[in-house]
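The values are calculated or read from the model by the stated rules, or taken from the named source; none is laboratory data. None of the values given here were measured: they were computed from a predicted structure. Because the Cβ atoms are built from the backbone with ideal geometry, glycine has one as well, and the counts that use them run over all protein chains shown.
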Amino acid sequence: MAAKPKLYYFPGRGRMESIRWLLAAAGVEFEEELFETREQYEKVQKDGRLLFGQVPLVEIDGMALTQTRAILSYLAAKYDFYGKDLKERVRIDMYTDGTLDLMFPIMASPFQPPKEKEEGLASAVKKAKTRYFPVYEKILKNHGEDFLVGNKFSWADIQLLEAILMVEEMNASVLSDFPLLKAFKARISSIPTIKKFLQPGSQRKQPPDSHYVELVKNILQI
Amino acid sequence: MAGKPILHYYNGRGRMESTWWLLAAAGVEFEEKFLESADLDKLRNDGSLMFQQVPMVEIDGMKLVQTRAILNYIANKYNLYGKDIKEKALIDMYTEGMADLNEMIIILAIIPPEQQDAKLALIKERTKNRYFLAFENISESHGQDYLAGNRLSHADIHLVELLYEVEGIDPNLIASFPLLKALQTRISNLPAVKKFLQPGSQRKPPEDTKSIEVVKRIFKF
């Protein structure tokens, strides 16, 4: 029961990164099997641990969990990042689903042809500035607390920080109209477990480059 | 607190269908406000839609958005979410897979005609070789009447919804999955579900060209 969670994915961010963030924030050590070859990936498929034939896969507490949101919700509940009651939980679900909606097109963009990629990224930055970030800025303004929900560090805060950093990588000044989000970013980044994850040598992965895209395309044969 | 939940959406299945099923299966009465463009603009302007999108459900003094957040809240509230976080994780894994297939079906209705054949072929292939196969295997592995925890959950309701949806696309797809057929029959016979499946219920018909035009008009695409 003391076994560390084990993550199975490609050697990059993709859909596994939010899971790495959550485990890191909880201070939980985890192992990773990073697919460098199609053979490695096929072996995991053939073992029957991928319910729908897809990764991310996380082995934890005797389960082979797939489906990013299922994994994230389990970890949030297990490590007490899910609010104190159902009403706080649904707010965390709404906020995290919003940030995932923002992040998924960004994750998908490296795999698209150049024109679609450029349009996709521009659209994501626009949505961040007009649809998503204003909402979180307003939430913070309305309650004046340090964290998004229930005055306590939660999955919603971890994921919002991840989303902010992801968008900033494409547009460094995206927070210029959002002073509370700027302060939020600094505050959450300085939480000890988060700070450690943001330093070199952690299990945080690099943004996708052409080598990573080629590797994934080869492995998935797309 | 005593008010019924109010569902805000257009008069069609889309992304609200699963919520109707879940509320109906839980035996919860609800009201509906069907949107036209003007209503959508109004809701956006008065701040009722957190991310400017529907579905939106007014329930317990909150205005909930994001389909998954809505479904999870209802499942939790009406005890359709397993007995502990491990059962919940399994239920989530199953329903996320169902949502992936459902997404393909939703998109099918609105993509350009020249892309539809290929998309339909992909849906059929995935249904048979990935999703229905996975759920049939799960049912076989434990031999129980429900997908998780030996009792009715959100996963069973969502699966049955999907089975009907797929039957509408191709009735042969379910043929090689006897356990899923049995589950469909069993769940359909639960009194609340049976009522929902009868004419006159709040269940919506499948999209057709007319309803797609309505969707495009309201959401402006």
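Where helices (runs of 4 or more DSSP H) fall wholly inside the stretch A:167-222, the ranges with 2 or more residues that are assigned by the TED database to the domain that holds A:Arg20, over 18 Å from the mean Cα position of the chain (by Cα) and surrounded by 14 or more Cβ atoms within 10 Å (Cβ to Cβ) are A:210-220. Mind checking whether some residue in the stretch B:25-45 is in contact with a helix residue (DSSP H, G or I) (Cβ under 8 Å, 6 or more places away or on another chain), buried (at least 22 other Cβ atoms within 10 Å of the Cβ) and in a helix (DSSP H, G or I)? So far as the stretch B:25-45 goes, yes, one or more of its residues are in contact with a helix residue (DSSP H, G or I) (Cβ under 8 Å, 6 or more places away or on another chain), buried (at least 22 other Cβ atoms within 10 Å of the Cβ) and in a helix (DSSP H, G or I). None of B:Gln184, B:Gln116 is outside the structural domain of B:Asp41 (by TED's automatic domain parsing), without any contact (Cβ under 8 Å) to a residue 24 or more places away in the chain and in a helix (DSSP H, G or I) except B:Gln116.
Residues checked against (1) touching a helix residue (DSSP H, G or I) at 6+ places or on another chain (Cβ under 9 Å); (2) not acidic (Asp, Glu):
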{"position": "A:Arg69", "(1), (2)": "yes, yes"}
{"position": "A:Glu88", "(1), (2)": "no, no"}
{"position": "A:Ile92", "(1), (2)": "yes, yes"}
{"position": "A:Phe104", "(1), (2)": "yes, yes"}
{"position": "A:Pro113", "(1), (2)": "no, yes"}
{"position": "A:Glu118", "(1), (2)": "yes, no"}
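For B:Met50, indicate whether it is crowded, with 21+ Cβ neighbours inside 10 Å, facing chain A (nearest Cβ under 9 Å) and assigned to a loop (DSSP other than H, G, I, E, B). Spelling it out, B:Met50 is indeed crowded, with 21+ Cβ neighbours inside 10 Å, facing chain A (nearest Cβ under 9 Å) and assigned to a loop (DSSP other than H, G, I, E, B).
Looking for whichever is at positive phi and of a type outside the set (D, E, K, R) here; the options are A:Gly14, A:Gly98. Which one fits?
Sole residue among the options that is at positive phi and of a type outside the set (D, E, K, R): A:Gly14.
Residues of the stretch A:17-31 include none that is touching a strand residue (DSSP E or B) at 6+ places or on another chain (Cβ under 8 Å), in contact (Cβ under 8 Å) with a residue 24 or more places away in the chain and over 18 Å from A:Ser202 (Cβ atoms).
When you scan the stretch A:150-157, do you find a residue that is exposed (fewer than 15 other Cβ atoms within 10 Å of the Cβ) and either modelled with pLDDT of 95 or more or within 19 Å of the chain's Cα centre (by Cα) (or both), even just one? Scanning the stretch A:150-157, I find at least one residue that is exposed (fewer than 15 other Cβ atoms within 10 Å of the Cβ) and either modelled with pLDDT of 95 or more or within 19 Å of the chain's Cα centre (by Cα) (or both), so the answer is yes. Residues in the stretch B:62-71 that are touching a residue at least 24 places away in the same chain (Cβ under 8 Å) and facing chain A (nearest Cβ under 9 Å): B:Thr67, B:Arg68, B:Ile70.
Cβ-Cβ contacts under 6 Å between residues 6 or more apart (or on different chains), taken from a first residue in the stretch A:170-181 that is among the β-branched types (Val, Ile, Thr) to a second residue that is assigned to a helix (DSSP H, G or I) and surrounded by fewer than 16 Cβ atoms within 10 Å (Cβ to Cβ), are listed as A:Val174/A:Glu168. Residues in the stretch A:103-150 that are in a loop (DSSP other than H, G, I, E, B) and closer than 24 Å to A:Tyr82 by Cβ: A:Gly144, A:Glu145, A:Asp146, A:Phe147, A:Leu148, A:Val149, A:Gly150.
When residues in the stretch A:120-153 are screened for being touching a Gly at 6+ places or on another chain (Cβ under 9 Å) and under 18 Å from A:Ala186 (Cβ atoms), 1 of them pass.
Set side by side, the residues B:Tyr81, B:Tyr131 differ, and just one is modelled with pLDDT of 95 or more, at negative phi and assigned to a loop (DSSP other than H, G, I, E, B), which is B:Tyr81. One residue is enough: does the stretch B:131-139 have a residue meeting the conditions surrounded by 20 or more Cβ atoms within 10 Å (Cβ to Cβ), within 25 Å of A:Leu100 (Cα to Cα) and touching a Gly at 6+ places or on another chain (Cβ under 7 Å)? Scanning the stretch B:131-139, I find at least one residue that is surrounded by 20 or more Cβ atoms within 10 Å (Cβ to Cβ), within 25 Å of A:Leu100 (Cα to Cα) and touching a Gly at 6+ places or on another chain (Cβ under 7 Å), so the answer is yes. Counting residues in the stretch B:78-86 that are more than 10 Å from every other protein chain (Cβ to nearest Cβ) and under 22 Å from B:Lys204 (Cα atoms) gives zero.
Inside the stretch B:88-117, residues that are at the interface with chain A (Cβ under 8 Å from one of its Cβ atoms) and either surrounded by fewer than 16 Cβ atoms within 10 Å (Cβ to Cβ) or among the basic types (Lys, Arg) (or both) make up a count of 2. Helices (runs of 4 or more DSSP H) fully within the stretch A:13-96 that include at least 2 residues being more than 11 Å from every other protein chain (Cβ to nearest Cβ): A:17-25, A:38-46.
Yes/no per residue for (1) over 25 Å from B:Glu136 (Cβ atoms); (2) within 14 Å of the chain's Cα centre (by Cα); (3) outside the structural domain of B:Ile212 (by TED's automatic domain parsing); (4) aromatic (Phe, Trp, Tyr):
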site: B:Asn45; (1), (2), (3), (4): yes, no, no, no
site: B:Met50; (1), (2), (3), (4): yes, no, no, no
site: B:Glu103; (1), (2), (3), (4): no, yes, yes, no
site: B:Ile106; (1), (2), (3), (4): no, yes, yes, no
site: B:Ala109; (1), (2), (3), (4): yes, no, yes, no
